[in-house]
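The values are calculated or read from the model by the stated rules, or taken from the named source; none is laboratory data. Note that the structure is a prediction, hence the values are computed from the model and not measured. Counting neighbours? That spans all protein chains shown, and the Cβs are built from the backbone with ideal geometry, glycine included.
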Amino acid sequence: MKKEEIISYWSNFFADLLVGTFKKLLLFGLIGFILGLTGLFTMDHFVMEELEWSTWIVSTALVLSFGWYTGFGVLYGLIACIIQTSSKKITEALAGLHDLLDLLTHGVVEKIPRFNKNIPRNQLEDTFDGIGKNFLEQLKLKRGITAFLSRILFGTILKVIKFFFLDNVVEELSKKESAITSSDIEHAVRRVGVEMVTAPILEKFLYLQIFNFILFTLSFAVPIGILLLF
């Protein structure tokens with residue numbers, strides 16, 4: 001992937017990260033609210049009418065149940081959104097990390113032609129940080145809270161990549177005694193990139209979503225269960 005394509009990829013990633021997440025939060029919150037109203041209607045139609053309680057008791061129970069159902073509906077809707085969005089964004093980030101690591105590694109090697117084990121670690125860190133900062137400027141993130149949060153996130157991503165670069169890629173590249181070629185960099189990044197695969201983490205998001213749904217179902221059953229006890 002060319003540098004321009006990598007810049008475009010991460011620019012689109014951050015553009016969708018916060019704005020897209022905000023829209024999804026509203027959507028999932030609205031869905032949770034509607035499900036809450038559905039639960040309230042179900043309780044009123046199939047349970048409350050059978051109890052033959054006085055009007056004020058029924059009204060009080062419905063008001064409390066409204067707060068319960070809509071509150072938990074929105075809460076679990078937002079949690080579901082966070083889990084789904086996190087899983088999606090981690091997958092997207094992983095797809096771009098390999099190319100970004102490759103790009104940054106090429107940049108460091110170009111800055112330090114005679115690449116060997118004796119290069120001070122702090123020199124490598126400064127060079128890597130400088131290239132990462134330059135790449136961040138090329139993303140041309142606009143000012144504002146969205147750009148501020150995006151910069152913080154991208155800074156974290158760069159620190160993670162720097163860890164892989166300094167402790168893994170450099171070790172791979174240092175094994176070669178002759179001059180470092182583009183092919184050597186690609187092979188080193190490819191081997192290190194295997195360690196970035198987080199399939200087990202992505203699987204845990206699925207488990208979290210299932211657990212969230214179970215809690216959602218149990219919380220919706222509580223008011224009906226209490227009423228049935230009477």
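Just a few scattered comments:
- Filtering the stretch 105-114 to residues that are at pLDDT below 75 and assigned to a helix (DSSP H, G or I) leaves THR105, HIS106, VAL108, VAL109, GLU110, LYS111.
- Flag if ILE31 is touching a residue at least 24 places away in the same chain (Cβ under 8 Å), in a helix (DSSP H, G or I) and within 30 Å of ASP102 (Cβ to Cβ): no
Rundown of residues vs (1) under 29 Å from VAL63 (Cα atoms); (2) in contact with an Asp or Glu (Cβ under 8 Å, 6 or more places away or on another chain); (3) not in a loop (DSSP other than H, G, I, E, B); (4) not charged (D, E, K, R), yes/no style:
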| residue | (1), (2), (3), (4) |
| --- | --- |
| TYR9 | no, yes, yes, yes |
| ALA15 | no, no, yes, yes |
| LEU26 | yes, no, yes, yes |
| GLY36 | yes, no, yes, yes |
| PHE46 | yes, no, yes, yes |
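- Some residue of the stretch 53-74 being under 21 Å from the mean Cα position of the chain (by Cα) and in a helix (DSSP H, G or I): yes
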